[in-house]
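Everything below concerns the one structure shown next.
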Amino acid sequence: GMPPGGSGSAAGAQCGGCDAAREGAACGAFGPDATGSNGGGGAPGGVAPHLSTARHFSEARGGGFFFLSADGRYMVKSITRAEHNTLLALLPHYCRHVRDYPRSLICRISGCYSITMYGQTKHFFVMDNLFHMCPPLHERYDLKGSWVDRHAKLHASVRKDSDWPAGRKLRLQPGTKRELLRQAGRDARFLCACRVMDYSLLLGIHNVVERRIFSGAGWSSASEIAEASDGTPHAPAPATGRPLPALPSAPTAGAREAGRPLSCSASPFDSASEGPALSLLAEQTGPAAFTAATFEGPGLYQMGLIDVLQRWTVTKRCERLLKILVRCRYSEDMRNGMSAVDPHEYARRFHLMVGTKLLGLSREEVDRDWDDETKERLAAAAGASYHRQAPA
């Protein structure tokens with residue numbers, strides 16, 4: 001019940017049609033060389049404060065209140081009246097967008113509410129907790145595509161654009177990269193059509209340590225494994241005292257049939273995380289060459305678009321102008337690198353950041369992806385217009 005003095009009124013709008021769209025990765029989960037999904041749905045559970053998470057996430061919006069549901073599945077965030085009105089106006093379009101594109105990276109919103117107590121009205125909305133049910137994250141990034149004032153504070157738990165290492169790329173399959181880039185472009189276009197800017201991609205990285213298990217019983221040659229009738233590799237032959245053979249120059253037939261790539265520059269091994277793999281060589285691959293016992297790297301990328309309620313208003317225009325004048329940001333590079341830019345420019349820059357900075361694609365490939373989506377949208381719009389004008 002409401003505390004004494006509270007009016008007990010609570011008004012809101014639930015995005016009930018979005019539950020079906022949750023099945024295609026709530027905000028997106030991608031692993032190296034794989035894609036994944038994280039389902040959701042249902043009504044929010046009881047709300048209980050989680051102060052540790054609140055402290056971490058409040059840095060993004062400077063003073064906003066965050067709470068997690070009792071099971072940690074949902075996040076409750078307080079918003080201003082302007083953001084509340086913006087969300088109410090966007091909800092129908094948002095629900096349609098996530099239905100059309102189930103793999104949308106935009107955070108899944110369950111409802112928008114307001115509550116009045118002691119004569120004061122507070123607004124908040126409920127969204128999926130992006131990092132619920134995912135393994136412990138070792139790194140977090142808040143990426144906008146801008147580069148001016150995008151350094152995180154010392155010891156901050158969430159890093160920003162300028163903290164992203166220059167040579168680092170997401171380890172994804174080429175097809176997954178193209179799908180991710182195309183979806184990022186669709187989401188950016190949608191937010192641009194809604195006159196929304198200043199959103200960011202929240203990226204969580206889970207690193208894994210892979211321990212290699214060696215047989216310690218010598219080696220078997222590539223030809224011996226290729227002769228297996230059932231396509232499964234034979235166990236390494238007992239050590240015979242013969243010198244170790246040269247590395248195979250190409251994947252064996254058994255490896256190709258099993259669909260597992262075989263590198264000729266690294267010693268194949270049995271992986272504790274993936275089960276038995278091809279075992280061609282022992283730990284020592286030459287007189288002075290040894291295979292590493294462990295391998296560490298990113299094993300899961302969890303990402304989603306957050307802070308999607310800031311519209312390109314007169315206030316934002318004035319903010320941009322004042323920062324240019326007061327902080328002497330007269331050069332084109334400084335002006336283009338600010339967060340406060342026109343929604344269309346923001347969307348193009350965000351799309352370019354995802355393609356080149358995160359995925360390691362060339363500028364030409366990213367521009368071609370944007371142009372192809374533009375052509376597809378124009379063709380679809382022309383077809384819809386033709387069908388509307390056609391006589392019955």
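The values are calculated or read from the model by the stated rules, or taken from the named source; none is laboratory data. On a predicted model such as this, the values are computed, not experimentally measured, just so you know. Note that each Cβ is placed from the backbone with ideal geometry, even for glycine, and that neighbours are counted across all protein chains shown. The area values use the complete protein model at the heavy-atom level, side chains included, leaving out ligands, DNA and RNA. Shrake-Rupley method; radii C 1.70, N 1.55, O 1.52, S 1.80 Å.
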Proximal lysine pairs, region 57-204, alpha carbons under 24 Å, eight or more residues apart or interchain: 12
Phe290 accessible area, nearest 10 Å², 1.4 Å probe? 140
Summing +1 per Lys or Arg and -1 per Asp or Glu among the other residues with Cβ less than 13 Å from Thr356's Cβ gives +3
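Under the 0.36 nm per residue contour assumption, what length would be gained going from the current alpha-carbon distance of Leu88 and Ala384 to full extension? Please report the intermediate quantities before stating the final value.
On the way: separation 296, 0.36 × 296 = 106.56 nm, distance 2.76 nm.
That pair, Leu88 and Ala384, stretches by 103.8 nm at full extension.
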List every residue whose amide H lies under 5 Å from the amide H of Ser200, counting only residues 5 or more places away in sequence or on a different chain, with H placed 1.01 Å from N in the peptide plane. Ile306
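Using a cut-off of 13 Å between beta-carbons, work out the net charge of the residues near Lys122 (Lys and Arg +1, Asp and Glu -1, Lys122 not included).
Values: positive: Lys77, Arg81; negative: Glu83.
Taking every Cβ under 13 Å from that of Lys122, the sum is +1.
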Provide the solvent-accessible area of Lys323, counting protein heavy atoms only and rolling a 1.4 Å probe, rounded to the nearest 10 Å². 60
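Just subtract the alpha-carbon distance of Cys134 and Glu373 from 0.36 nm times their residue separation and send over the number in nm, one decimal. The partial results should precede the final answer.
On the way: separation 239, 0.36 × 239 = 86.04 nm, distance 3.18 nm.
Contour length minus Cα-Cα distance gives 82.9 nm.
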Rounded to the nearest 0.05, FRET efficiency between Asp149 and Ser78 (Cβ-Cβ, R0 22 Å) equals 0.35
Under a 5 Å amide H to amide H cut-off, with H placed in plane at 1.01 Å, what residues pair with Gln173 once short-range neighbours are removed? Asp33, Ala34
For region 320-392, what is the convex hull volume of its Cα atoms per residue in Å³? 122
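Quick check: with the 1.4 Å probe, what order do Phe350, Phe295, Phe124, Phe131 take by accessible area, largest first? Mind dumping the intermediate values first?
Working: Phe350 0, Phe295 95, Phe124 55, Phe131 25 Å².
Largest to smallest exposure gives the sequence Phe295, Phe124, Phe131, Phe350.
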In what sequence, largest accessible area first, do Glu139, Glu179 appear using a 1.4 Å probe? Glu179, Glu139
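Please give the contour-minus-distance gain from Met334 to Val209: 0.36 nm per residue of separation, less the Cα-Cα distance, rounded to one decimal in nm.
Details: separation 125, 0.36 × 125 = 45.00 nm, distance 4.03 nm.
Using 0.36 nm per residue and subtracting the Cα-Cα distance, I get 41.0 nm.
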